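Peer 1: My questions will all concern the structure given below.
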Amino acid sequence: MENISGLAAEIVVAFVIALATGAFTFMGFWRQAKADLEQEYLKRFNDKKWGVYTEFAKLLQAPPQDIFEDGRRQAAETAIASQIVLIGSDEVVRAFRDWRESAAVHGKAQRVTDEKLFCLSQICAVIWGSNTAIWRLTICWGC
């Protein structure tokens, strides 16, 4: 009888140790999986952000007579604006809105509009880590 109770105690201790090991392993795995998932979301979000900013740069570089006739340029700007509002930081959204308002009021060839566009491009450069853009942004234009 003494052997049976000793054996039962050993089995219970081994079961508790195995259960605790499994629980700690699961918790460690869960934390790592959550961190990996957050990294994947951040990577996809940054890829989307890069794509939108690239499309905006292409829109600015395209000559009006090439692909943006018959109001398609306005439609393209509106589509990019909706994407910027969704994925852009507050600074980018504010700079984009200021540029669009300036372009509507002053026209796209005016110096004020060019300065707003420069501020927008500098804010995008700061977001992507350009050290020289920070200096230009704060010193030269005061954005």
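The values are calculated or read from the model by the stated rules, or taken from the named source; none is laboratory data. Owing to the predicted nature of the structure, the values given are computational and were not obtained by experimental measurement. Don't worry about glycine lacking a Cβ; one is built from the backbone with ideal geometry, like all the others, and counts go over all protein chains shown.
Peer 1: Looking at the structure I just gave you, is F45 within 20 Å of the chain's Cα centre (by Cα), of a type in the set (A, V, I, L, M, F, W, C) and part of a helix (DSSP H, G or I)?
Peer 2: So F45 fits the description; yes.
Peer 1: So which residues in the stretch 19-57 are within 30 Å of L120 (Cα to Cα), modelled with pLDDT of 85 or more and among the hydroxyl-bearing types (S, T, Y)?
Peer 2: Of everything in the stretch 19-57, just one residue is within 30 Å of L120 (Cα to Cα), modelled with pLDDT of 85 or more and among the hydroxyl-bearing types (S, T, Y), namely Y41.
Peer 1: Can you tell me how many residues in the stretch 4-63 are of a type in the set (S, T, Y) and in contact (Cβ under 8 Å) with a residue 24 or more places away in the chain?
Peer 2: 1
Peer 1: Being part of a helix (DSSP H, G or I), out of contact with any Asp or Glu (no Cβ under 7 Å at 6 or more places or on another chain), modelled with pLDDT under 80 and not aromatic (F, W, Y) is the requirement here; does A104 meet it?
Peer 2: Yes: the conditions hold for A104.
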